[in-house]
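Since the structure comes first, as structure tokens, the remarks are kept for the end.
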Amino acid sequence: MKRAVRGLLALLALGLVGWLAAAGRDEPPYRNLHGGDIEKPFMEVLRWRLSRESAPLPDPPLPAAQPQLDAPLPNLTWIGHATMLLRLPGLTLITDPQFSERASPFSFAGPKRAYPPGVALSALPKVDVVLISHNHYDHLDVASVQALAAQPGGAPLFVVPLGLKAWFADLGITNVVELGWWQSRTVNGAEIVLTPAHHWSARGVFDRRQTLWGGFAVFSGGLRLLYTGDTGYADDFKDIRADFANRGPFDLALIPVGCYEPRGFMQDQHVNPADAVRIFQDLGARRAVGVHWGTFADLCDEPLDQAPKDLAVARQAAGLPEVAFSVMRRGETRAIE
């Protein structure tokens, strides 16, 4: 109860400051390609937070697996939420590293981790590239990026959307490359392209849509990979398929499948499993793995174990086998075919 009260007071404080600042705020510079800029009035957020009931944690707990970090390359390991370790020949990448106890600006309130990361920060192999899709707290975590910047053997390259380089500089992290949509950077022979997504950005009340958001396509040694980042359903993924059509289909797509309830509040910014299957079909990818689920309690309203159940229903409705679009256990390592 005390935790809920503290969280509500923090939300009220943020909302008051945001309301006071709104009159002088400039028009945000970044917009979704296919319309539908996501604007959630503070009162709408407050109504949701006041009316919601926290879903109980899964019983038994969601299963974990022992990571196999020495498995033959290429492979991927799901660490939790949207954090995926990708080990390719000559290149190790990690998406949206979040290893902290909370996905929140506060240490005392906000979505709390229900399970430890599938791989501890201290157990990670040397990371060459960190891919940051946008600046929300469940995707861009201060302690996690600081730890990666201080890893033995030197800091990785942080590849980020436009506007985030200054945020990293304030932390003393300078090995950063900013990209706009469709711009690319080549690292160790791998081409990394920032792709569009239907979402938004903010870390506080003054910076809504002041930095860009997106996903990443990675082309390395014949492999074609895509991490969509957070997104609502839009035609961006048909665009991505068309833009890269001459390269052949993606071998693997990492697509969010969780944090979709309440649907009326979340649908324009987070896909549900049925929409995730539509994205998979729009991309024409060979395989997909669901991310952005099963990690942080109270981030959204559906139970932490609901996404795989709804994905199974959506997959069956689309006539897809489980191998086409599946989820992984926390810590599981899987070959990239």
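The length gained on full extension between Asp170 and Gln316, counted as 0.36 nm times the residue separation minus their Cα-Cα distance, comes to 47.8 nm. Each stretch of four or more DSSP H residues adds -39500 (n - 2.57); spread over every residue of the chain, this sum gives -7000 deg cm²/dmol at 222 nm. Annotated for the chain: lysine pairs at least 8 residues apart or interchain, Cα distance under 23 Å, count 4.
Sorted on the mean count of surrounding Cβ atoms within 10 Å across their residues, most packed first, peptides 217-228, 66-77 read 217-228, 66-77.
Helices from the chain with mean Kyte-Doolittle at least 0.0 and a Cα length along the axis of 18 Å or more, per DSSP H: which?
Details: long enough: 2-22 (30 Å, 1.38).
Passing helices, by number: 2-22.
Residues in segment 161-174 carry Karplus couplings, in order, of x, 3, x, 9, 4, 5, 4, 5, 4, 5, 8, x, 9, 10 Hz; the curve used is 6.51 cos²θ - 1.76 cosθ + 1.60 with θ = phi - 60°, and Gly or Pro positions show x.
Residues of the chain: accessible area per residue at 1.4 Å, in Å²? Each step should come with its number before you reach the end.
Working: 14280 Å² over 337 residues.
For the chain, the per-residue accessible area is 42 Å².
Put a plus charge on the Cβ of each Lys and Arg, a minus charge on the Cβ of each Asp and Glu, and nothing anywhere else: the dipole of segment 182-322 about its Cα centre is then about 440 debye.
Shape call for segment 280-337 from the C-alpha gyration tensor, a ≥ b ≥ c root eigenvalues: rounded (a/c under 1.5), prolate (a/b greater than b/c) or oblate? Taking the square roots of the gyration eigenvalues as a ≥ b ≥ c, segment 280-337 is oblate. Each residue of segment 292-300 was assigned a 3J(HN,Hα) from its phi angle through the Karplus curve 6.51 cos²θ - 1.76 cosθ + 1.60 (θ = phi - 60°); the sequence is 6, 7, x, 10, 9, 5, 6, 6, 9 Hz, with glycine and proline shown as x.
Using the Cα gyration tensor of segment 66-156, with a ≥ b ≥ c the square roots of its eigenvalues, what is the shape: rounded (a/c below 1.5), prolate (a/b larger than b/c) or oblate (neither)? Mind dumping the intermediate values first?
Working: a/c = 2.01, a/b = 1.60, b/c = 1.26.
It is prolate, given that a/c is not under 1.5 and a/b is the larger ratio.
A cut-off of 5 Å between modelled amide H atoms, ignoring neighbours fewer than 5 places along the same chain, links Arg208 with no other residue. Restricting to the chain, what percent of DSSP beta bridges are antiparallel, rounded to 5? Close to 60 percent. Sum up the charges of everything whose Cβ sits under 11 Å from the Cβ of Asn272, counting Lys and Arg as +1 and Asp and Glu as -1, but leave Asn272 out. Spelling it out: positives minus negatives among the neighbours equals -2. Amide H contacts for Arg224 (H built 1.01 Å from N in the peptide plane; partners 5 or more residues away or on another chain; cut-off under 5 Å): Asp251, Leu252. Apolar share of the accessible surface for the chain: 55 percent from carbon plus sulfur atoms, 1.4 Å probe.
Count charges around His139 for me, please; just the other residues with Cβ under 13 Å from its Cβ, Lys/Arg as +1, Asp/Glu as -1. Don't jump to the answer; show the numbers that get you there.
On the way: positive: Arg203; negative: Asp96, Asp138, Asp141, Asp230.
So the environment of His139 carries a net charge of -3.
Just subtract the alpha-carbon distance of Lys112 and Asp235 from 0.36 nm times their residue separation and send over the number in nm, one decimal. Can you show the working numbers first?
Numbers: separation 123, 0.36 × 123 = 44.28 nm, distance 3.27 nm.
Residue separation times 0.36 nm, minus the Cα-Cα distance, leaves 41.0 nm.
In a DSSP loop and with at most 16 other Cβ atoms within 10 Å, the chymotrypsin sites (Phe, Trp or Tyr not before Pro) in segment 82-122 are Phe106, Phe108. Less than 5 angstrom separates the built amide H of Glu332 from those of Ala65, Trp78, all sequence-distant by 5 or more or on a different chain.
Assigning unit charges at the beta carbon (Lys, Arg +1; Asp, Glu -1) and nothing else, what dipole magnitude in debye, to the nearest 20, does the chain show about its Cα centre? Please report the intermediate quantities before stating the final value.
Values: 32 positive and 35 negative charges, 84 e Å.
Computed charge dipole of the chain: roughly 400 debye.
At a Förster radius of 30 Å, what calculated FRET efficiency corresponds to the Cβ-Cβ distance of Val142 and Gln66, to the nearest 0.05? About 0.55, to the nearest 0.05. For segment 217-227, backbone phi angles converted through the Karplus equation (6.51, -1.76, 1.60; θ = phi - 60°) give residue-by-residue couplings of 9, 10, 10, 8, x, x, 7, 10, 10, 9, 10 Hz, Gly and Pro being listed as x.
Entry note, the chain: relative contact order of 21 percent, from Cα contacts under 8 Å with a spacing of 6+ residues.
Would you mind calculating the gained length between Glu101 and Ile336 on full extension (0.36 nm times residue separation, minus the Cα-Cα distance), in nm to one decimal? Don't jump to the answer; show the numbers that get you there.
Details: separation 235, 0.36 × 235 = 84.60 nm, distance 2.95 nm.
Gain on extension, Glu101 to Ile336, equals 81.7 nm.
Taking Tyr30, Tyr115 and ordering them by how much accessible surface each has at a 1.4 Å probe, largest first, produces Tyr30, Tyr115.
The values are calculated or read from the model by the stated rules, or taken from the named source; none is laboratory data. Small disclaimer: the values here were computed from a predicted structure and weren't measured. No Cβ is skipped: glycine too gets one built from the backbone with ideal geometry, and neighbour counts run over all protein chains shown. Only protein heavy atoms, including side chains, enter the accessible area calculation; ligands, DNA and RNA are left aside. Shrake-Rupley method; radii C 1.70, N 1.55, O 1.52, S 1.80 Å.
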